[in-house]
Amino acid sequence: MIGNPIALAIRREPARPPASLVEQFAGVQTSFIADAMQGWNCLHYSIKAQTPEHRFCGIALTANNGPRDILAAMAMLDHVTEGDVLVIATGRDESGAVVGDHWATIARQMGAAAVVTDGLVRDIAGIDPLGMPVFARGVSPNAGYRNGPGSINSTVSVGGVSISPGDILVGDRDGVVVVPQSQAEHVAQRLAAIKQAEQAMEQKVSAGEVRRLWDPAAFEERGVEYVD
């Protein structure tokens, strides 16, 4: 490369879904949404809520950081909109935390709904009282450096899933699922039917009306052999 790379590439005004569409996913179990998308777009199980009871729903604002670098994560605070989920890609870096309590306090003051990262965070004792959901792979007292290069509001890869700014993210104790903005209306339509079916099954199971979750007759051609 001739010369140094630019420190940051920033997309200031990505397309955003309407609030009415996002609201259709609020409070819905991530497992229901995963079923509505045929099992796609669930982040790797290692990305979990640092406070288990926390859950969220919001619109992705993304930052892409290099290893041990936090410049993009710091600069993304300039672009937070109420209800944003701050998605920070680190390439699964484990050398240090990407954000801490001061960053989280500012993010919360600006209306951020949650933080999702495939890296580490720190200062949990200071983050917990904020009540802001933080989903990460773990915790470390070590910090990163503000060097770059990095990008804000580009498409990133986190937890094995491609996330673009404007995508809808939902997180709960089970993990995080991503609804691409381009598919959100279709997924919302499927979600209504899945919620209805799940509620009906839950009532039957609770009432003791269901004892079998598979149909042996469906496997007659392949055969079922009892070996005892």
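Odds and ends about this structure:
- From the options S31, S20, residue that is surrounded by fewer than 18 Cβ atoms within 10 Å (Cβ to Cβ), closer than 18 Å to S182 by Cα and modelled with pLDDT of 95 or more: S20
- Residues that are in contact with an Asp or Glu (Cβ under 7 Å, 6 or more places away or on another chain) and buried (at least 20 other Cβ atoms within 10 Å of the Cβ) within region 109-127 comprise A112, A113, G119, L120, I127, listed in sequence order.
- Residue that is surrounded by the most Cβ atoms within 10 Å (Cβ to Cβ), among those in region 43-69 that are assigned to a loop (DSSP other than H, G, I, E, B) and small (G, A, S): G66
- Among the residues here, R211 qualifies as out of contact with any Asp or Glu (no Cβ under 6 Å at 6 or more places or on another chain) and more than 30 Å from E13 (Cβ to Cβ).
- Candidate set from region 70-108 (those that are in a helix (DSSP H, G or I) and β-branched (V, I, T)); member that is surrounded by the fewest Cβ atoms within 10 Å (Cβ to Cβ): I106
- Residue check for V176: of a type in the set (A, V, I, L, M), touching a residue at least 60 places away in the same chain (Cβ under 8 Å) and touching a Phe, Trp or Tyr at 6+ places or on another chain (Cβ under 6 Å): yes
- Condition check for I152: closer than 17 Å to I106 by Cβ and among the hydrophobic types (A, V, I, L, M, F, W, C): yes
- Candidate set: region 92-118, residues that are in contact (Cβ under 8 Å) with a residue 60 or more places away in the chain and closer than 19 Å to Y145 by Cβ; chosen: the one farthest from the chain's Cα centre (by Cα): D118
The values are calculated or read from the model by the stated rules, or taken from the named source; none is laboratory data. Please read these numbers as outputs of a predicted model, since none were measured by experiment. Here Cβ is always computed from backbone atoms with ideal geometry, including for glycine, and neighbour counts include all displayed protein chains.
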